[in-house]
Structures are given as C-alpha cells and as structure tokens.
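Before any comments, here is the structure.
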Amino acid sequence: MSLREHERRILAEIERQLDEEAPDLADRLDSFTAEDPDEPAEPGLGSWKPWAACAVIAAVTAGLLVLLFLLTPGTPQPEPASENVPGTGESVPAEEPAGERVPAPGP
C-alpha cells in the first residue's frame with residue numbers, strides 16, 4: 001500500500017528530526033530497514049503456494065478412497081429360502097413354483 005505525497009513528506013520530516021535529535025536511535029532503526037518490506041523473512045517461503053498443498057491432500061484422499069472401494073469385498077447375497085410344500089414334507093427352492101414340482105411317491 002503506497003503512501004500519499006503528504007504522508008511521505010511528514011515521514012521524511014520526522015526522519016530528519018530524528019537524525020538530528022537522536023543519531024544513535026536513528027542508526028539503530030536504520031539497521032532494521034529492509035530493501036523490500038514485502039519480501040518474506042525466509043526466501044524459501046515465497047514460492048510456497050497453499051493451493052498446491054490442498055491439491056496434494058485432495059489427490060491422496062481421492063486415491064485412498066478409490067483403493068478402499070477396490071479392496072473392500074462385496075456383500076454376499078443371501079441364498080433364497082426354501083419353502084415347504086404343504087402335505088408332502090418336501091422343501092422346494094423359492095425360485096420354482098410349488099405347483100410344477102412332482103412329489104416323489106410315498107410309502
């Protein structure tokens with residue numbers, strides 16, 4: 001954020017007065033001045049992009065979900081229940097209609 005011309009003149013006047021009244025303090029404050037105030041403290045952090053970290057986390061999560069779905073065994077299907085044919089004591093699978101099955105001759 002840049003300063004207005006009037007603000008710059010005021011700051012320059014304050015700096016000039018500080019140099020005249022307290023040169024030791026002015027020298028100490030000058031040692032903290034950086035060439036670029038927006039420059040990060042560590043140069044390695046300037047290239048770090050938060051969206052890249054989010055993309056890596058999203059890709060790992062998606063990969064784990066796909067792996068989970070591929071390795072999870074399917075649920076076993078229940079076998080059809082058998083029905084008892086009344087009066088014969090025979091059991092017939094549920095898929096076959098009871099009327100089409102011929103009962104075995106009894107003793």
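Tabulated data for the structure shown
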item: Residues within segment 54-75 that are at pLDDT 90 or above and not in a helix (DSSP H, G or I), tallied; result: 0
item: Residue that is loosely packed, with under 10 Cβ neighbours inside 10 Å, modelled with pLDDT under 85 and within 34 Å of the chain's Cα centre (by Cα), where the choices are E79, E95, E42; result: E42
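The values are calculated or read from the model by the stated rules, or taken from the named source; none is laboratory data. From a predicted model like this one, the values you see are computed outputs, not experimental measurements. In this analysis, Cβ positions are derived from the backbone assuming ideal geometry, glycine residues included, and neighbour counts consider all displayed protein chains.
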